[in-house]
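Participant: Before I ask anything, here is the structure I am working with.
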Amino acid sequence: MPWDIEVTLPDLDIDAVRRSLSGRIIGCRVLHYPSLDSTMNEARRLAGGGCPEGLVVVAEEQMAGRGRFGRLWISGPGESLLLSIVVRPTAEQLSQVNMAATLAVARTVDGHIDARVTIKWPNDVRIGGRKVAGILIEADSQAGGIAAVVGIGLNVSVDTGGHPEIAATAASLVEEAGAPVERTGVLVDLLRQFDDLYTRVRNESSLTGEWSSRLDTLTQEVEVRRGSEVLAGVARAVDDQGNLVLERPDGSTFTVVGGEVTLQA
């Protein structure tokens, strides 16, 4: 849709966010910055210093925000929700943490638009094939276990048409809803959803079924780029760890643990 909605969003009400998350793991502490180089960097620094699990770092603007494969995240001040969350899962739970974060975003977006919300493997959230949010997870080994940082970028009022480099591939909540979207409520919903799903992960409950049901990558002809290698096939399924199972033209299958997936025309 054309960018014809005039919106002035209030600053995030972080005190309201904190009150809404009282007693939960996720959001036990919420830090809010006007600007950071990257919420991921700040959250990793705090995780290395022994911060509590569930700490959330939120920034209005990132000077060097990044996504998967080091891509920059384009967003002006106050146009997106830019946050990183510290969690301390077991190594075996990391793939489920990715599913929890992606599903939390997808469920949150569901609450604001009528269109179907899908996931491009492994963790881009999309509306009509256009990316509205991305998730990045980085994990470090520490004494006593793992500290993982879950980074989330969710386009709220980004004017995608004003950025030629993403105009054809990105979406925002305001554009899709056709109405103003208040960021405080979106952030509260997102963190509550993630807390509920992460609690299930900690209790050894699998999220693979719900996560895979949203994948728009399945049944599609795809190319997977891993370094200089390009693998082609049909995405047939995912396993319990979230790895993608591809069927090659000769009928053989192979499992993709990571990489860049491109849908074929």
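Participant: Could you please find all residues in segment 106-115 being touching a residue at least 12 places away in the same chain (Cβ under 8 Å) and either open to solvent by 10 Å² or more (accessible area, probe 1.4 Å) or within 19 Å of Glu61 (Cβ to Cβ) (or both)?
Facilitator: Kept after step one, since they are touching a residue at least 12 places away in the same chain (Cβ under 8 Å), are these residues of segment 106-115: 106-109, 111-113, 115.
Result: Arg107, Gly111, His112, Ile113, Ala115.
Participant: Then there's this: In segment 85-105, is there at least one residue being polar (S, T, N, Q), in a strand (DSSP E or B) and in contact (Cβ under 8 Å) with a residue 40 or more places away in the chain?
Facilitator: no
Participant: Can you tell me which residue is modelled with the lowest pLDDT among those in segment 152-186 that are charged (D, E, K, R) and closer than 23 Å to Arg18 by Cβ?
Facilitator: So in segment 152-186, the residues charged (D, E, K, R) come out as 159, 165, 175-176, 182-183.
From the residues that got through so far, the ones that are closer than 23 Å to Arg18 by Cβ too are 182-183.
Working: Glu182: 91, Arg183: 95.
For segment 152-186, the residue satisfying everything is Glu182.
Participant: Taking helices (runs of 4 or more DSSP H) that fall entirely within segment 121-229, which contain at least 1 residues that are open to solvent by 10 Å² or more (accessible area, probe 1.4 Å) and among the polar types (S, T, N, Q)? Break it down stepwise before answering.
Facilitator: On the way: elements: 173-177, 183-202, 208-213.
Ranges flagged: 183-202, 208-213.
Participant: Show the residue pairs that are 6+ apart or on different chains and have beta-carbon atoms under 9 Å apart, the first residue being within segment 127-153 and without any contact (Cβ under 8 Å) to a residue 12 or more places away in the chain, the second being among the charged types (D, E, K, R) and surrounded by 13 or more Cβ atoms within 10 Å (Cβ to Cβ).
Facilitator: Taking only residues 6 or more apart or on different chains, the pairs are Gly144/Arg88.
Participant: Here are some residues: Arg214, Arg225, Arg248, Arg183. Which one is more than 25 Å from Glu138 (Cβ to Cβ), touching a strand residue (DSSP E or B) at 6+ places or on another chain (Cβ under 7 Å), of a type in the set (Lys, Arg) and in contact (Cβ under 8 Å) with a residue 12 or more places away in the chain?
Facilitator: Numbers: Arg214 fails: more than 25 Å from Glu138 (Cβ to Cβ); Arg225 fails: more than 25 Å from Glu138 (Cβ to Cβ); Arg183 fails: more than 25 Å from Glu138 (Cβ to Cβ).
Of the residues listed, the single one that is more than 25 Å from Glu138 (Cβ to Cβ), touching a strand residue (DSSP E or B) at 6+ places or on another chain (Cβ under 7 Å), of a type in the set (Lys, Arg) and in contact (Cβ under 8 Å) with a residue 12 or more places away in the chain is Arg248.
Participant: Which condition breaks for Asp159 when tested against (1) under 22 Å from Glu92 (Cα atoms); (2) over 17 Å from the mean Cα position of the chain (by Cα)?
Facilitator: Tallying (1) under 22 Å from Glu92 (Cα atoms); (2) over 17 Å from the mean Cα position of the chain (by Cα), Asp159 fails exactly one: (1).
Participant: Those residues that are small (Gly, Ala, Ser) and either at positive phi or more than 21 Å from the chain's Cα centre (by Cα) (or both), I need them from segment 212-228; list them, please. Don't jump to the end; show me each part of the working.
Facilitator: Looking only at segment 212-228, we keep the residues that are small (Gly, Ala, Ser), and these are 212-213, 227-228.
Gly227, Ser228 - these are the residues of segment 212-228 that are small (Gly, Ala, Ser) and either at positive phi or more than 21 Å from the chain's Cα centre (by Cα) (or both).
Participant: When you check Gly242 against the structure, is it buried (at least 19 other Cβ atoms within 10 Å of the Cβ), out of contact with any Cys (no Cβ under 9 Å at 6 or more places or on another chain) and small (Gly, Ala, Ser), yes or no? Lay out the reasoning, then the answer.
Facilitator: Values: buried (at least 19 other Cβ atoms within 10 Å of the Cβ): yes; out of contact with any Cys (no Cβ under 9 Å at 6 or more places or on another chain): yes; small (Gly, Ala, Ser): yes.
Spelling it out, Gly242 is indeed buried (at least 19 other Cβ atoms within 10 Å of the Cβ), out of contact with any Cys (no Cβ under 9 Å at 6 or more places or on another chain) and small (Gly, Ala, Ser).
Participant: Return the pairs, sorted by first residue and then second, in which the second residue is assigned to a helix (DSSP H, G or I) and open to solvent by 10 Å² or more (accessible area, probe 1.4 Å), the first residue lies in segment 190-201 and is closer than 14 Å to Val109 by Cβ, the beta carbons are less than 6 Å apart, and the residues are 6+ apart or on different chains.
Facilitator: Hits for this filter: Gln193/Arg107.
The values are calculated or read from the model by the stated rules, or taken from the named source; none is laboratory data. These figures come from a predicted structure and were not determined experimentally. Neighbour counts run over all protein chains shown; Cβ positions are idealised from the backbone, glycine included. These accessible areas exclude ligands, DNA and RNA; they are computed on the full protein's heavy atoms, side chains included. Shrake-Rupley method; radii C 1.70, N 1.55, O 1.52, S 1.80 Å.
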